[in-house]
């Protein structure tokens, strides 16, 4: 028993997945003397398209309502009496809203490949009473001991210090990117390192270019007579830089230092191929996250084209992510008996699909005419008041007929017999 406990606090065999990713995520940013233009994983949040992709996914996961459902004879119904409904739908930790909570989880997942929330349970009955959001950077790794999965993270104490804590996987919600071993998600920044590095370096080059007043395609040619003038010449050049270099001084009248003259420089600000390459890298990053290009400002299109892309995004982008969240939540929060009895945790994916009024009206009309939806169900979806008799389903006939109304066969009068 003591050996098993000691194994948990030994250095984990897997640190953020592998030792290589530890170097990339933790060790590399701490190195000193790194060149300014060298891309590190910590620089990913400086790449605009990467941050935008993370934001799009986080915003859309955060906007999805999440509920506890119970299967009944009339279909899946929201179980508002379930003790977990308030935690998931309103406030998982009693501090922030459900939207902010799941949005933060999704942002961490897309930035680091894994996001975590510790399940705080009632000691007397084991029921979840809150979920504690844990930043991915505080999770050291995981370990499998005697067939049990454990997570190791650094818990912040009230005095500001941190404490190394080991948690059983049953008490830790773990949402991950695509994974090779089923336990630890791959690092998306490392997977896109080449594309992000190219974008990061290109933006640094452009920034330095404009910082040095690249709007003026010219340079100073100097001819110093002898060594006696080197010191005053250098001082004059430094004064020239202080007064004239930089975008804030653009358009001012510059006084040339002694022994210098302006020479024209035939050079474009950026080469067309360079711009095309940067756009390609941005598109590759957006494609990795399954985010449509128009969501991150890379393309424009017609309304119908954008609507179709948005539907594809909801189906192939958000759909698998919502499924992953649902599986993890049901596995850790529901008992086997509850799952067998039809209890489930689901995101309302319909919240992503917004159509024009004409299309929506026709959809409701068709669903009502097929007997699938009632008038009150439609009213609730649109935030309208219900009405008496609005719970009745109708099916098409010569006129709309209530589903539960028994068909009445008219009695055929008997023909009188000839006497």
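Do we find that residue 165 is surrounded by fewer than 19 Cβ atoms within 10 Å (Cβ to Cβ) and at pLDDT 90 or above in this structure? Let's see the steps before the verdict.
Details: surrounded by fewer than 19 Cβ atoms within 10 Å (Cβ to Cβ): yes; at pLDDT 90 or above: yes.
Against the criterion (surrounded by fewer than 19 Cβ atoms within 10 Å (Cβ to Cβ) and at pLDDT 90 or above), residue 165 qualifies.
In segment 180-206, which residues are in a strand (DSSP E or B) and at pLDDT below 90? Before the answer, list the steps.
Let us first name the residues in segment 180-206 that are in a strand (DSSP E or B), namely 185.
Residues satisfying the conditions do not exist here.
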Please find, among 125, 110, 159, the residue that is assigned by TED's automatic domain parsing to the domain that holds residue 186, modelled with pLDDT under 95 and either part of a helix (DSSP H, G or I) or touching a helix residue (DSSP H, G or I) at 6+ places or on another chain (Cβ under 9 Å) (or both). 110
Sole exception among (1) in contact with a helix residue (DSSP H, G or I) (Cβ under 9 Å, 6 or more places away or on another chain); (2) surrounded by fewer than 14 Cβ atoms within 10 Å (Cβ to Cβ); (3) in a loop (DSSP other than H, G, I, E, B) for residue 91, by number: (2)
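Rundown of residues vs (1) surrounded by fewer than 15 Cβ atoms within 10 Å (Cβ to Cβ); (2) modelled with pLDDT under 90; (3) within 21 Å of residue 134 (Cβ to Cβ), yes/no style:
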{"position": "19", "(1), (2), (3)": "yes, yes, no"}
{"position": "30", "(1), (2), (3)": "yes, yes, no"}
{"position": "52", "(1), (2), (3)": "no, no, no"}
{"position": "60", "(1), (2), (3)": "no, no, no"}
{"position": "77", "(1), (2), (3)": "yes, yes, no"}
{"position": "100", "(1), (2), (3)": "no, no, yes"}
{"position": "118", "(1), (2), (3)": "no, no, yes"}
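Looking at the structure I just gave you, is residue 97 under 28 Å from residue 48 (Cβ atoms) and without any contact (Cβ under 8 Å) to a residue 24 or more places away in the chain?
Numbers: under 28 Å from residue 48 (Cβ atoms): yes; without any contact (Cβ under 8 Å) to a residue 24 or more places away in the chain: yes.
So residue 97 passes the test.
If a residue has to be assigned to a loop (DSSP other than H, G, I, E, B) and either over 25 Å from residue 54 (Cβ atoms) or in contact with a helix residue (DSSP H, G or I) (Cβ under 8 Å, 6 or more places away or on another chain) (or both) to count, how many in segment 162-179 make the cut? Walk me through how you get there before you give the answer.
Filtering segment 162-179 down to residues assigned to a loop (DSSP other than H, G, I, E, B) leaves 177-178.
If we keep only those that are either over 25 Å from residue 54 (Cβ atoms) or in contact with a helix residue (DSSP H, G or I) (Cβ under 8 Å, 6 or more places away or on another chain) (or both) as well, we get 177.
Final tally of qualifying residues: 1.
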For segment 277-389, list the helices (runs of 4 or more DSSP H) that sit wholly inside it and hold at least 1 residues that are in contact with a strand residue (DSSP E or B) (Cβ under 8 Å, 6 or more places away or on another chain) and in contact (Cβ under 8 Å) with a residue 40 or more places away in the chain; which are they? 319-333
Can you name every residue in segment 325-341 that is surrounded by 12 or more Cβ atoms within 10 Å (Cβ to Cβ) and within 23 Å of residue 75 (Cβ to Cβ)? 325, 326, 327, 329, 330, 333, 334, 338, 339
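The values are calculated or read from the model by the stated rules, or taken from the named source; none is laboratory data. What you see is a predicted model, and the numbers here were worked out from it, not measured in a lab. Cβ: placed from backbone, ideal geometry, glycine included. Neighbour counts: every protein chain shown.
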